[in-house]
There are 2 protein chains.
Amino acid sequence: MHTPLNHDIRIAVSTVIFSLRARTEGDSLMIPLVKRTRDPHDGMWALPGGWLREDEGLEDAASRTLAETTALAPTWLEQLYAFGDVERAPTRVVSIVYWALLRSDHVEAQRAADGAPDNVEWFDVDDLPALAFDHNAIVEYAVWRLRNKVGYSRIAAGLLPDEFTLAELRSVYETVLGSRLDPSNFRRLLEGSEALVPTDSFRTGNHRPAQLFRYNAGPDLSTRGPIA
Amino acid sequence: MHTPLNHDIRIAVSTVIFSLRARTEGDSLMIPLVKRTRDPHDGMWALPGGWLREDEGLEDAASRTLAETTALAPTWLEQLYAFGDVERAPTRVVSIVYWALLRSDHVEAQRAADGAPDNVEWFDVDDLPALAFDHNAIVEYAVWRLRNKVGYSRIAAGLLPDEFTLAELRSVYETVLGSRLDPSNFRRLLEGSEALVPTDSFRTGNHRPAQLFRYNAGPDLSTRGPIA
């Protein structure tokens, strides 16, 4: 082992935080981006993040920098990947990226409570501009991870309010997977699942009343294995 | 954004590289460890690794430090997780850990060709000593990831020679999963899989000849998604 030569490599932490926005033509998968106000890439949109501090863990840094840049607190936060290509920034920066979920009913509440910073805007992941650094590739990887996880975990519990209709749940799956699902097959599949608990409440409105359901637990922690 | 304050955080790269060792009572899942020759944790066993250099990517650093410390070249290498707890080392070190596979027939060939360093020994993952730093927890997480992946990918192709019998393949699954599998069910399942291609060759020896198979491709790259 030589004396370490890497004191000029810096560590940043960034977060891809997903939320759903209801639209008449179906939900959209949205992420907040921060407009950069300095070089490199001054004026471009980038993922929320910042420098890792010496006295904080990686997940704490992800939460802190997300709160500082967007005033948001995630429902679910998990490490995505460490991006460390030599050429990804003008100076050497390794970015440890987290991906996160934010319940749709929490987005507006948090923005109202803490004030939305001026330089933050939400973007549809299917309609992003050219982002700073390698952030387009990072978002693409995060979406891929989300799509893989939605199949084998209760990840939708991180995007929905406590209680939801089967149609709302199906819309989450359709939005994340990017494809339509057959309503009756979906209902049959979900009704056989122990994870979904019917409530005594119904959603009323323009349509006939729809029963509300809830999950029996939060997003499936087993997807993180021994990393608690 | 403040001036970055994290120049005293260093980045290390380490690798958990698995191989199988055949034993009369069944295969064992083995990893090489390196005996430390300096503080902290002088004299304890640790994962092969080293410091990230300013001019190399993360995966290159994993390959380089693995070669330098163990003279091994993996069949398959993939990022596992970035470990960055503040207290995991006396100074602040973020370890970006890779997990890797090494075909059983390559282990001895590589050791013979390049010479096995004196301070490297192979350990059964089920019978590890107390390792330096948080390396026991890291190995535990790597084993968990391997067990999860073996179910939905051709990960066994990274551990076996080009051609193998169904009994040998079943032994890989049994060793990785840590449980016995029914031979006829296993045969039925695998014979229906397009991934497995029968050859014209047979393994002969003390038992009746067993047909040799090969995979139609290497370990499934789709497990890495857009990260090529």
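The values are calculated or read from the model by the stated rules, or taken from the named source; none is laboratory data. This structure is a prediction, so every number in the text was calculated from the model and none was measured. Counting neighbours? That spans all protein chains shown, and the Cβs are built from the backbone with ideal geometry, glycine included. Note: areas computed on protein heavy atoms with side chains; ligands, DNA, RNA excluded. Shrake-Rupley method; radii C 1.70, N 1.55, O 1.52, S 1.80 Å.
Points worth noting:
- When residue B:222 is tested against (1) assigned to a helix (DSSP H, G or I); (2) at pLDDT 90 or above, only condition (2) is not met.
- Among the residues examined, residue A:114 does not qualify as modelled with pLDDT under 95 and touching an Asp or Glu at 6+ places or on another chain (Cβ under 9 Å).
- Restricting segment A:189-212 to residues that are outside any helix (DSSP H, G or I) and either acidic (Asp, Glu) or in contact with a helix residue (DSSP H, G or I) (Cβ under 6 Å, 6 or more places away or on another chain) (or both), the residue that is modelled with the highest pLDDT: A:200
- Residue within segment A:134-141 that is of a type outside the set (Gly, Ala, Ser), away from chain B (no Cβ under 14 Å) and open to solvent by 50 Å² or more (accessible area, probe 1.4 Å) present: no
- Some residue of segment B:38-56 being modelled with pLDDT under 95, crowded, with 20+ Cβ neighbours inside 10 Å and closer than 18 Å to residue B:143 by Cβ: no
- Test for residue B:33: is it under 21 Å from residue B:88 (Cα atoms), at pLDDT below 90 and either open to solvent by 40 Å² or more (accessible area, probe 1.4 Å) or more than 14 Å from chain A (Cβ to nearest Cβ) (or both): no
- Residue within segment A:175-188 that is farther than 30 Å from residue A:82 by Cβ, open to solvent by 60 Å² or more (accessible area, probe 1.4 Å), part of a loop (DSSP other than H, G, I, E, B) and not hydroxyl-bearing (Ser, Thr, Tyr) present: yes
- Of everything listed in (1) in contact with a helix residue (DSSP H, G or I) (Cβ under 8 Å, 6 or more places away or on another chain); (2) within 23 Å of residue B:62 (Cβ to Cβ); (3) among the basic types (Lys, Arg), the single unmet condition for residue A:149 is (2).
- Matching option when the condition is touching a residue at least 60 places away in the same chain (Cβ under 8 Å) and aromatic (Phe, Trp, Tyr), among B:164, B:186, B:202, B:123: B:123
- When the residues of segment A:4-30 are filtered to those that are touching a helix residue (DSSP H, G or I) at 6+ places or on another chain (Cβ under 8 Å) and open to solvent by 40 Å² or more (accessible area, probe 1.4 Å), the one that is modelled with the lowest pLDDT is A:22.
- When A:55, A:124 are screened for being more than 15 Å from the chain's Cα centre (by Cα) and of a type in the set (Asp, Glu), only A:55 passes.
- Of the residues making up segment B:16-42, those that are free of Cβ contacts under 8 Å to residues at least 12 places away in the same chain and closer than 20 Å to residue B:105 by Cβ number 2.
- Against the test of being of a type outside the set (A, V, I, L, M), farther than 28 Å from residue A:78 by Cβ and crowded, with 17+ Cβ neighbours inside 10 Å, the options B:104, B:95 yield a single qualifying residue, B:104.
- Every pair of residues 6+ apart whose Cβ atoms lie under 9 Å, when the first sits in segment B:126-142 and is under 18 Å from residue B:91 (Cβ atoms) and at pLDDT 95 or above while the second is among the basic types (Lys, Arg) and in a helix (DSSP H, G or I): none
- Flag if residue A:74 is in contact with a strand residue (DSSP E or B) (Cβ under 7 Å, 6 or more places away or on another chain) and in contact (Cβ under 8 Å) with a residue 12 or more places away in the chain: yes
- For segment A:97-150, a residue qualifies if it is aromatic (Phe, Trp, Tyr) and part of a strand (DSSP E or B), and the qualifying residues are A:98, A:99, A:122, A:123.
- Selection count, segment A:121-133, where residues are open to solvent by less than 40 Å² (accessible area, probe 1.4 Å) and of a type outside the set (A, V, I, L, M): 3
- Residues in segment B:57-89 that are open to solvent by 40 Å² or more (accessible area, probe 1.4 Å) and in contact with a helix residue (DSSP H, G or I) (Cβ under 6 Å, 6 or more places away or on another chain): B:75 alone.
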